[in-house]
Each structure stands twice: as structure tokens, then as C-alpha cells.
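Let me begin by presenting the structure, written as C-alpha cells, before commenting on it.
All of the numbers you see were taken from the coordinates with simple rules; none came from a lab. Everything numeric here is computed off the predicted structure, so don't read it as measured data. Cβ atoms come from the backbone with ideal geometry, glycine included; neighbour counts cover every protein chain shown.
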Amino acid sequence: MSVGLEHYLVLAAILFSIGLYGALAKRNAIVILMCIEIMLNAVNIAMVAFAHYVNVIAGQVFTIFIMVVAAAEVAVGLALIITIFRNRKTVDAEKYDLMKW
Amino acid sequence: MGQQVAFWILALLCVGAALAVVYVRDIFRVALFMVLCFLAVAGLYVTLNADFLAAAQILVYVGAIGVLIIFGIMLTRESKRGSPTGKLRPAAMLVAFLFMATMIAVIVGSEWYVASEPSSGATTTQIAQSIFDKDGFILAFEIAAALLLAAVIGAVVLTRDKKDK
């Protein structure tokens, strides 16, 4: 059985689910950020697979924009985590309860 | 044939590295496994005839984001506590598993439109034309540039030490 569009989409789904599990279950805020990056990468794989097999270049252009947003998100996210760490001496997401009801 | 072998190797590497990100306790190794996962994704882009994106993936994800995350780990000095899971773990596992099962069922069960000829040839020119041509993505491109500038300024403002003003 030759590798086709479905294989890449299933791979993207598996990768997204792993990232989803990590983002929901982990307590270290930096690990949560890493898992979000893995989810974004999974979406990128699906997008590039569509661009290749349907033969439209727009999928790759969207992937570039996702990369830009991911880079911006990591920069601001890490800045936030480091600022909170300075004030509260922890990166445990369950101890970030300042705005909890 | 070569593309299929490459796909299976890279797919296994990618999923294995992602699982290691979730299961390994040492947070510094977690970051290295994340970088390995990104490298495997770059390889997958090559198998999908996306040469420019593979290069961009290595530059942006492996280079910039990998180094940034490792810097974040160093600066927060919590590596000795590992990467524990919270009390949401069973629920998170259930949600992720259900999501994966649904997605795979839908993907396998659907009839996907596939062009008779998959894309071939260098993509850099095509991407540039798609962005900069008339009716292209030029507005989104400009907004992305403004977003990056705002993110850089925001990161600098957030992390600056307030004392030395």
C-alpha cells in the first residue's frame, strides 16, 4: 500500500492528540508551551500534505503564516512565564491561581 | 519507494519523539526530544515536496524556538522538579484518545479529493508568487510582519527588569 494523503493526515491527528494530552495534563508551564508547539506542527503537516496531494500552493503559504504566529507566540509566552516566575518563584501551572475565582 | 521508506521512518521518529516529550521526566531532555520531533517534521516536509518549508522549519523551529525554549528552562531553574502531570491527567488522556479516535475514523472514512498529479518542482518561486502577486496574500504578509514586531516589543517590555529605570 503506497503512502498517500490519508497517511499524513492520520500522522497529523496522532501528533495533535499527543500534544493535546500534554497541554492538558502537564503542570510545568514550559512543557505546556512545548506541547502547543507540537500541536501547531501537526496542523502544519496536514496543511502541507493537502498542498502536495491537491496540488495548490496556498497550503504552504498558510503554513508559513502559522510558523510566524508560532514564533511570536513562543516569544511572548516565554516572556510571560519568566515574568511570572520572577514574581512567584514557580512555573507550576496549577499554582498560577491569581485570577482564579 | 524511497519516499515511502522515508515517510515511515520519519513518522515513527516524529511520534516517538512526541511521546517522549510527554513521558520523559527530565525537562531538559524533553526540550531535546521536542527539537528531534521538529527535525523529523522537517524531513516529512521534504517527502511532501516542500523544500522551502523544510528549510524554514529547521531555521525557525529547530534553531530559534528550540534555543528559546532551552533558554526558558535554564532561566526558570525548575529542572530538578521534572515535568509532573496534574490532577487532570485521566481526563486529558480520555479527551486526547477520543479526539484521536474520532479524527482517524473520519480521515479513513472520507473520500478525499486528490489531484491526478501531485505537486512537483521547486516551490520557492510558487510561494513567492502566491504571496506577492496581485490578489495574493500580501495583506496577511504585512499583518504577519506587524505581529512579529509587536511580539518582539512585547517580549522585551515583559521581561525587562523594572528596577533599573
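Structure summary
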read-out: Among B:Val21, B:Leu44, B:Leu10 - extreme Cα towards positive end, dipole of segment B:1-83, charges at beta-carbon; value: B:Val21
read-out: Within chain A: Cβ-based charge dipole about Cα centre, in debye rounded to nearest 20 (Lys, Arg +1; Asp, Glu -1); value: 460
read-out: Theoretical ellipticity at 222 nm over chain B - DSSP helices of four or more residues, -39500 (n - 2.57) apiece, nearest 500; value: -22500 deg cm²/dmol
read-out: Sorted by Cβ density within 10 Å, fewest first, the residues A:Val3, B:Val67; value: B:Val67, A:Val3
read-out: Normalised per residue, the volume of the convex hull around the Cα set of the protein assembly as shown (Å³); value: 152
read-out: Gain upon complete extension [B:Ala150, B:Arg81; 0.36 nm per residue less C-alpha separation]; value: 21.5 nm
read-out: Given charges at Cβ of Lys, Arg, Asp, Glu: segment B:121-165 dipole, positive-most of B:Val152, B:Gly121, B:Ile138; value: B:Val152
read-out: Relative contact order computed over chain B (Cα-Cα under 8 Å; 6+ residues apart), in percent; value: 19
read-out: B:Ser116, B:Ser130 arranged by Cβ crowding within 10 Å, fewest neighbours leading; value: B:Ser116, B:Ser130
read-out: Between segment A:32-80 and segment B:3-24, the alpha-carbon center distance in angstrom; value: 18
read-out: Contact order relative to length of chain A, as percent, for alpha carbon pairs under 8 angstrom and 6 or more apart; value: 27
read-out: Segment B:Thr125-B:Phe99, extension gain: residue separation times 0.36 nm, minus the distance between their alpha carbons; value: 5.6 nm
read-out: Which of B:Met1, B:Met74, B:Met93, A:Met34 has the fewest Cβ neighbours within 10 Å, and the rest in rising order; value: B:Met1, B:Met74, B:Met93, A:Met34
read-out: Approximate spin-label separation B:Trp8-A:Asp97, in nm, with each point projected 7 Å along Cα-to-Cβ; value: 5.1
read-out: Loop chymotrypsin sites (Phe, Trp or Tyr not before Pro), segment B:73-115 (other Cβ atoms within 10 Å of the site Cβ: 11 or fewer; DSSP); value: B:Tyr113
read-out: Cα-based equivalent ellipsoid of chain A: semi-axis lengths in Å, sorted from largest, via gyration tensor; value: 33, 16, 8
read-out: Reachable aspartates and glutamates from A:Lys89, criterion Cα separation under 15 angstrom, eight or more residues apart if same chain; value: A:Asp97, B:Glu78
read-out: Degrees between helix A:5-25 axis and first principal axis of chain A (Cα, 0 to 90, nearest 10); value: 10
read-out: Acute angle (nearest 10 degrees) that the helix A:58-88 long axis makes with the longest principal axis of chain A, alpha-carbon atoms; value: 10
read-out: Using alpha-carbon coordinates, inclination of helix A:29-53 to the longest axis of chain A, degrees; value: 10
